[in-house]
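Since the structure comes first, as structure tokens, the remarks are kept for the end.
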Amino acid sequence: MPTIDNTYFFGELSLAYPDTPAGITNLQLLIDSREDELLLRLLGYALYKAYKAGIAAGSPDQRWLDIRDGKEYTNQSGVLTKWPGLHFTVGTSKKSLIANYVYWHYQNDNYTFTTGSSEKKTDLAINANPEIKMIRAWNEMVNWNTDLYLFLSDNADTYPEYKNTVIDCELFTMKNRLGF
């Protein structure tokens, strides 16, 4: 079951998808595939597999809920901190590192379209470049990815599957307009 749905894409993360059953279905298919891709890259195969099985269970263990929903904990330095979760709310706004990842890929994939002769931008007279919003979404996701890494590292006894995970550096690297 996916962690997020189309209701996470508003404001800064608004997407131009048809507000029809087919459009919402296509967005959900994108969410489903990109969510699994991201979680596999962030958690590593062993923890990803255990997490997916744990969440799918009728009554998931608290350790899986803590990854998904967040947890306040004391880090290795003795400082009280909070992992916000894979999805959370700020006021009434829904937030998720998964939504930011999906947004970035959706915009990247749809900024141009393929024709028989080449890649084209929209037929509109004035095209806006989505880079600034894409970079902001990516960098916010990188910050949350770092929070997840710290949470899992500080709770190594609870998440032994994460012990030998190879870090995917791309998911922890900020983007900018120069090196976009």
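The values are calculated or read from the model by the stated rules, or taken from the named source; none is laboratory data. In this text the structure is predicted, and so the values were computed from the model without any measurement. So basically every Cβ, Gly included, is an ideal-geometry build from the backbone, and we count neighbours across all protein chains shown.
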* Asked: Identify, please: which residue in segment 5-18 is out of contact with any helix residue (DSSP H, G or I) (no Cβ under 9 Å at 6 or more places or on another chain) and not hydroxyl-bearing (Ser, Thr, Tyr) and is, among those, surrounded by the most Cβ atoms within 10 Å (Cβ to Cβ)?
  -> PHE10
* Scanning for something surrounded by 13 or more Cβ atoms within 10 Å (Cβ to Cβ) and either among the aliphatic types (A, V, I, L, M) or without any contact (Cβ under 8 Å) to a residue 60 or more places away in the chain (or both), does segment 90-97 turn up at least one residue? -> yes
* Asked: Among the residues of segment 32-51, how many are under 19 Å from ASN155 (Cβ atoms), surrounded by fewer than 18 Cβ atoms within 10 Å (Cβ to Cβ) and touching a Phe, Trp or Tyr at 6+ places or on another chain (Cβ under 9 Å)?
  -> 1
* Structure fact -> The residue from LEU80, LEU97 that alone is among the aliphatic types (A, V, I, L, M) and over 15 Å from LEU42 (Cβ atoms) is LEU80
* Odd one out for ALA125 among (1) under 30 Å from THR3 (Cα atoms); (2) at pLDDT below 90 -> (1)
* To do: Could you pull out the residue among ARG68, ARG41 that is at negative phi, in contact with a His (Cβ under 8 Å, 6 or more places away or on another chain) and modelled with pLDDT of 95 or more?
  => ARG68
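Need a quick list: strands (runs of 3 or more DSSP E) entirely within segment 7-105 having at least 2 residues that are under 15 Å from the mean Cα position of the chain (by Cα) and charged (D, E, K, R).
93-96
In the set THR158, THR146, which member is modelled with pLDDT of 95 or more, among the polar types (S, T, N, Q), surrounded by fewer than 19 Cβ atoms within 10 Å (Cβ to Cβ) and part of a helix (DSSP H, G or I)?
Being modelled with pLDDT of 95 or more, among the polar types (S, T, N, Q), surrounded by fewer than 19 Cβ atoms within 10 Å (Cβ to Cβ) and part of a helix (DSSP H, G or I) holds for just one of THR158, THR146, which is THR146.
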